[in-house]
Structure formats: C-alpha cells, structure tokens
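Notes to accompany the following structure.
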Amino acid sequence: MTDFQRQAAMDPSGFVLLADAVPGIIQEIRYYSTYNFIGERIDGYEEPCALLTREAARALKSVSSELNVQGYRLKVFDAYRPASAVKHFVLWGLEDLDLRMKPFFYPELEKQELFAKGYIASRSSHSRGSTVDLTLFDMRTGREVDMGSPFDLFSEISHPDCRAVTEEQFRNRMTLQKAMVRGGFAPIDCEWWHFTLRDEPYPDTYFDFPVSAAYLKK
C-alpha cells in the first residue's frame, strides 16, 4: 500500500454520522456488541454508531422518508466497517476454534463454508463506506418486521429470493428491497439485509479508521 493509499484509508472527511443524516433511524450496531457471529466486540468498533459516506446517507434519507409514509422506520445493524474488522472476521474464520455462536448464526454450516458461500470475504464492500445492513421497524406494532430470518443468519433462508419463508415474510423483504433499489442501492443474492449504493463515491478505497463519532470530529 502506498503512503497515499494509507492516508486515504484513514480519512473520514467524506463520512457522516447516520443518526445526524437520517432523522428517526434506529441503530443496533451488532459488531460493537457481543451478540454477533463471533461472540465478542469486533476490532475497530469504538462506539455503537453507524457511519456512512455523505452520498449513501443522503440516499438512505430519501428511502427512510418513503418508508415513513408507509408506517416504517429503518433499523441499521451495520454500515461502514473498518478493514481491521474484516481482518478480525477472516482470522476468526481461519484460526479460531471457538464455535460458541454457531447455533445462532451458522447452524447448518461449518466455519470454512462461510467463505466459500460468500458470507465472509477478505474484502468487504462495507469498508468502502456506502454499504448498509438494515431492516424495517413497524411503527404501528413497535417491533421489527418479520423477515423470515434474523440479521446475520448465514443460511439459504436468508437469501432475498428464498421462497421457504411465508408469503408475508417474502413481501416484507420485497418492501425493503424495492424501496432501497428505488433509492439507488443494489442488493446482493445471499443476504436480504445488505445493500450498496450503486454510484458509491469510493469504489476502490477500503477505509480503516475506527467506527467512532469522536474520530469524525478530528
């Protein structure tokens, strides 16, 4: 990595706090907590906040406004993810024998299969700053919408087009997906919660500054 690339990877100037950019958004930053597929706080997550590029946050605000009219709020589980966090994932997958979270997040798979099936990658679009993991929150019931599988369940039932879920669960997935696509985001085929801004501003930069509101203010 050149000095320029190293400096770019630590530059948060193109990022914003999602809570400031999208009024009413709900955040449950799983990789700051211990309730995730590894079972411990992930490297690089210094505060329980979501960061995104300005462009992605602006687009997500439009999606949020559209869904608010339909009675939903957006709930975010992850957004910008430092490259150090991705490295943590990879080292856990390759070297760590701990399987304590297997029953909750990958009950049907061996750890090595998480790479082969695309659930964990050595480089993540999240590190480019314009990818977000999220779901719908029903303002009428005060609960998350039933999507047929929880966030980060590594299984075929989490594929957006899986028809093993109920009709209502499938409709819920499509409500989220269609709103995100209209807002300029692209889905992927193995996780109903994952979307990347199609015209992302940093398609070739993998950032590595911490997830921290304080760091943005430096």
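The values are calculated or read from the model by the stated rules, or taken from the named source; none is laboratory data. Predicted model, so just to flag it, every value in this text is computed and none were measured. So basically every Cβ, Gly included, is an ideal-geometry build from the backbone, and we count neighbours across all protein chains shown.
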For ALA116, state whether it is more than 16 Å from the chain's Cα centre (by Cα) and modelled with pLDDT under 95.
yes
Counting only residues in region 98-142 that are in contact with a strand residue (DSSP E or B) (Cβ under 7 Å, 6 or more places away or on another chain) and surrounded by fewer than 16 Cβ atoms within 10 Å (Cβ to Cβ), the one farthest from GLU156 (Cα to Cα) is identified as MET139
Restricting attention to region 51-102, which residues are within 18 Å of VAL16 (Cα to Cα) and acidic (Asp, Glu)?
GLU55, ASP78
If you scan region 180-218, which residues turn out to be within 17 Å of the chain's Cα centre (by Cα), surrounded by fewer than 20 Cβ atoms within 10 Å (Cβ to Cβ) and among the hydrophobic types (A, V, I, L, M, F, W, C)?
VAL181, ALA186, ILE188, CYS190
Scanning for something in contact with a helix residue (DSSP H, G or I) (Cβ under 8 Å, 6 or more places away or on another chain) and more than 29 Å from ARG140 (Cα to Cα), does region 61-68 turn up at least one residue?
no
Could you check, for region 143-150, whether at least one of its residues is in contact (Cβ under 8 Å) with a residue 60 or more places away in the chain, on the phi > 0 side of the Ramachandran plot and either among the acidic types (Asp, Glu) or surrounded by fewer than 21 Cβ atoms within 10 Å (Cβ to Cβ) (or both)?
no
Which listed residue is surrounded by 21 or more Cβ atoms within 10 Å (Cβ to Cβ), part of a helix (DSSP H, G or I) and not polar (S, T, N, Q), from VAL63, VAL76
VAL63
I'd like the full set of residues that are β-branched (Val, Ile, Thr), out of contact with any helix residue (DSSP H, G or I) (no Cβ under 8 Å at 6 or more places or on another chain) and not in a loop (DSSP other than H, G, I, E, B), limited to region 13-52.
ILE26
Could you tell me whether region 5-17 includes any residue that is under 15 Å from the mean Cα position of the chain (by Cα) and of a type outside the set (Lys, Arg)?
yes
Would a scan of region 31-54 turn up a residue that is of a type in the set (A, V, I, L, M), farther than 20 Å from PRO210 by Cα and surrounded by 20 or more Cβ atoms within 10 Å (Cβ to Cβ)?
no
